[in-house]
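The values are calculated or read from the model by the stated rules, or taken from the named source; none is laboratory data. Computed from a predicted model, the values in this text were never measured in an experiment. As a convention, Cβ positions derive from the backbone with ideal geometry for all residues, glycine included, and neighbour counts pool all protein chains shown. Just so you know, the surface numbers come from the protein's heavy atoms only, side chains and all, with ligands and any DNA or RNA stripped out. Shrake-Rupley method; radii C 1.70, N 1.55, O 1.52, S 1.80 Å.
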Amino acid sequence: MTQIFHILLNMLNEMSPYILLGFLIAGLLNEFVPQRLMSRHLSGSGFGSVLKAALVGVPLPLCSCGVLPTAVAMRRAGASRAASTSFLIATPQTGVDSIAATYSLLGPAFAVIRPVAAFATSLVGGVLVGKAENEKEEPQCHDCAPADTDQPKKEPWTHRIGHALKYGFYDMVQSIGGWLVIGLIIAALITLFVPDDFFLAARQYPLISMLAVVAIAVPMYVCATGSIPIALSLMIKGLSPGAAFVLLMAGPAANFASITVVSRAMGKKCASVYIATIVASAILIGLAIDYLMPAAWFALSSSFVGDCCHVATDWFATGCTIVLLTLLAVALGPGLIHGKLHHHHHEHLETNQNPENMKATYIVKGMQCPHCRASVEKGLAEIPGVTSVKVDLATKTAVVEGDYDPAAIRTTIEKLGFDLG
């Protein structure tokens, strides 16, 4: 246990200053970049919308589960399949938080190549989907899309800064904090228990190594930031930088949940192009890293390949680690407790079936983060007759009250990319 603690502390000390900076920038982007501006520029067809979707998606701090309802909403608002696919590919692979954390653990080469690869891959995927669909799409029902109520905010700057800090240091921590902890624990276990030369033999067959990584990464859900310590620990054990990059690229962008949602929302052809583009691009760029780029670019810091049980004293980094751990405890602790106390509520409950004032509790499968919760809450509130909606992320439930059509609940949930339990 002591060794695992030291490994985790070393990784946290390296990552925490950059992660906190990323959270701050994420909050500022969310508060001061109007959503209506993004929607207007992405709700079109052709290469221009694909390019804009890629440019917006690369820095946007949304994980895979958070990007799905956002992309589905874009599609409903009139965005082409090409632009929506470009956004889906670019966004979960990177973000301001994960780019900063990548630099802290894996160095500048990975930190530069990762967003560039996400941008290029999203362009390719969007263009291929556009050609596959011939961009002859039926017009979207703009009446079904949420009205643009994102008017310029009149609040004082102090309030808006407060909103930005809450989003960055609470909502974002709720979104990726759990996966970051899981990634760190997996990385520590690999570092401690996997032999140091475990992957050295695989370096002779890089393509096979990358295919094996794809086979593991695609079914596994891991966010862009949580994949970084896992990639680091695998490289320490001898995995090539190119194969580690495949994990960084394919792990966050492609998983069974995202493939299912893309297939349902945009068609099987689009989903096939989506997954093929991610896998093929990850392997091609991984091969380029191993064969065409200087190995010195991807050399790991001596603090990781040396004595894993030694923790260097850096008071600033240690302070940032304490702040990050406190944020994780505040954001994740109540949800875990609440989830355990209310685990028995994970049944489909309906009460008060009086048509004039129906109140029902629904299980919404697939919600993973505050973005998912907000999307479901907003979508259900727009159903005619609904007077009250309360969505609980911990129990995956939505309590809906009013005089509404129950069939509209399922339709709305599925349009948003989730499943009704």
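Observations
- Rolling a 1.4 Å probe over the protein heavy atoms leaves L239 with an accessible area of roughly 10 Å².
- Relative packing of peptides 91-100, 279-288, 157-166 - highest average C-beta neighbours within 10 Å first: 91-100, 279-288, 157-166
- Each Lys or Arg adds one and each Asp or Glu takes one away; over the other residues whose Cβ falls under 12 Å from the Cβ of D419, this sums to +4.
- Environment charge of A54, counting only residues whose C-beta is closer than 15 Å and scoring Lys/Arg +1, Asp/Glu -1: +3
- Pairs from K166/K365; K131/K269; K378/K415; K268/K396; K52/K365; K359/K390 whose Cα-Cα separation, in the structure shown, is over 21 Å: K166/K365; K268/K396; K52/K365
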